[in-house]
Amino acid sequence: MSRAEPMDVSKAGVAGVPREPTEQREPREPRPSWALGLFRSELAITFRRWRTLALLGVLAAVPVLVGIAVRIETSDGSAIGGGGGGGGPAFIAQITNNGLFLVFTALAATLPFFLPMAVGVVAGDAIAGEASAGTLRYLLVAPAGRTRLLLVKYATTLTFCLVATLVVAASALATGALLFPLGEVTTISGTRIGFGEGLLRALLIALVVAASLIGVAALGLFVSTLTSSGIAAMATTVGLLITVQILDQIPQLDALHPYFFSHYWLSFADLMREPVHWDDLVKNFQMQGLYAAVFGSAAWARFGAKDVMA
């Protein structure tokens with residue numbers, strides 16, 4: 001009687017059931033369509049939040065309040081911007097003659113604080129908000145990757161910059177059309193252009209204002225990678241914004257002013273000259289690109305090494 005040969009378990013499997021050959025599976029790279037779906041999802045989540053809608057509502061209300069204030073003052077017989085070098089944006093004196101100037105005035109009034117504050121809130125909450133809500137870990141488990149997720153968050157913030165600026169411009173245009181006459185536009189240089197060209201320049205100015213917020217968006221995204229508290233990230237971003245604005249007004253720091261991201265913000269007024277002056281506009285774009293590169297790289301380096309526990 002021959003001795004039974006020992007069974008090869010690796011081939012026979014458990015209880016004599018043959019085992020299927022094991023295939024070596026490599027992790028699949030996320031497809032571009034998946035990233036596009038993530039971007040659409042981020043946009044939907046961002047613009048459905050009550051906080052975002054409230055910010056857009058406040059931004060839309062600013063041109064309405066400015067237009068009503070100008071209308072009341074002119075109906076009382078007062079001259080806007082006359083005498084004594086009155087305060088306010090330079091365009092405010094032209095609103096009563098052409099409601100299109102309310103667009104320029106509203107953008108000039110909201111750019112120093114309201115618009116960047118809203119962008120700082122959205123950018124500061126981008127990563128830190130997910131961490132505090134406990135959803136960041138699940139986003140990274142999905143086939144997104146940290147770099148791709150960071151790019152999607154930044155793209156969503158830039159989209160908010162554009163939407164917020166267009167909300168201000170559209171509200172100002174509607175208010176100006178209701179309260180004041182529309183017609184030919186007198187440029188800062190004293191020449192006159194048609195209403196259609198003036199409307200086109202208003203659109204270009206809105207796009208320039210949106211591009212001026214690129215640096216703030218990158219700064220807020222970097223701050224958002226430093227903490228797991230969304231409120232702390234938002235407060236820090238807004239605090240840095242206010243600090244830079246204050247430093248930009250101190251004469252003793254005149255040598256540093258050209259390096260602040262807010263220094264060339266109001267250069268969009270040069271689009272209302274004939275011909276257009278491009279020097280400060282180009283410097284503004286260069287400064288925003290520099291801040292986006294520096295703080296975007298810092299955010300990528302920090303987020304790539306961050307230990308995500310939530």
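The values are calculated or read from the model by the stated rules, or taken from the named source; none is laboratory data. Keep in mind that this is a model prediction, so the values were computed, not measured. Positions of Cβ are backbone-derived with ideal geometry, glycine not excepted, and every protein chain shown enters the neighbour counts. Heavy atoms of the whole protein, side chains included, go into the accessibility calculation; ligands, DNA and RNA do not. Shrake-Rupley method; radii C 1.70, N 1.55, O 1.52, S 1.80 Å.
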Here the residues within the range 261-279 that are open to solvent by less than 40 Å² (accessible area, probe 1.4 Å) and assigned to a helix (DSSP H, G or I) are Trp265, Ser267, Phe268, Ala269, Asp270, Leu271, Met272
Inside the range 217-256, the number of residues satisfying the requirement of being in a loop (DSSP other than H, G, I, E, B), open to solvent by 50 Å² or more (accessible area, probe 1.4 Å) and over 17 Å from Ala131 (Cα atoms) is 5
When the range 280-306 is checked residue by residue, the ones that are open to solvent by less than 70 Å² (accessible area, probe 1.4 Å) and within 30 Å of Arg192 (Cβ to Cβ) are Asp280, Leu281, Val282, Asn284
Does any residue of the range 172-182 turn out to be open to solvent by less than 10 Å² (accessible area, probe 1.4 Å), touching a helix residue (DSSP H, G or I) at 6+ places or on another chain (Cβ under 6 Å) and closer than 25 Å to Gly37 by Cβ? no
Scanning the range 183-216 for residues that are more than 28 Å from the chain's Cα centre (by Cα), among the β-branched types (Val, Ile, Thr) and open to solvent by less than 50 Å² (accessible area, probe 1.4 Å) gives Val185, Thr186, Thr187, Ile193
Exactly one of Val70, Val66, Val122 is under 25 Å from Leu221 (Cα atoms), at pLDDT 75 or above and assigned to a helix (DSSP H, G or I), and that residue is Val122
The correct count of residues that are within 19 Å of the chain's Cα centre (by Cα) and surrounded by fewer than 22 Cβ atoms within 10 Å (Cβ to Cβ) in the range 92-108 is 1
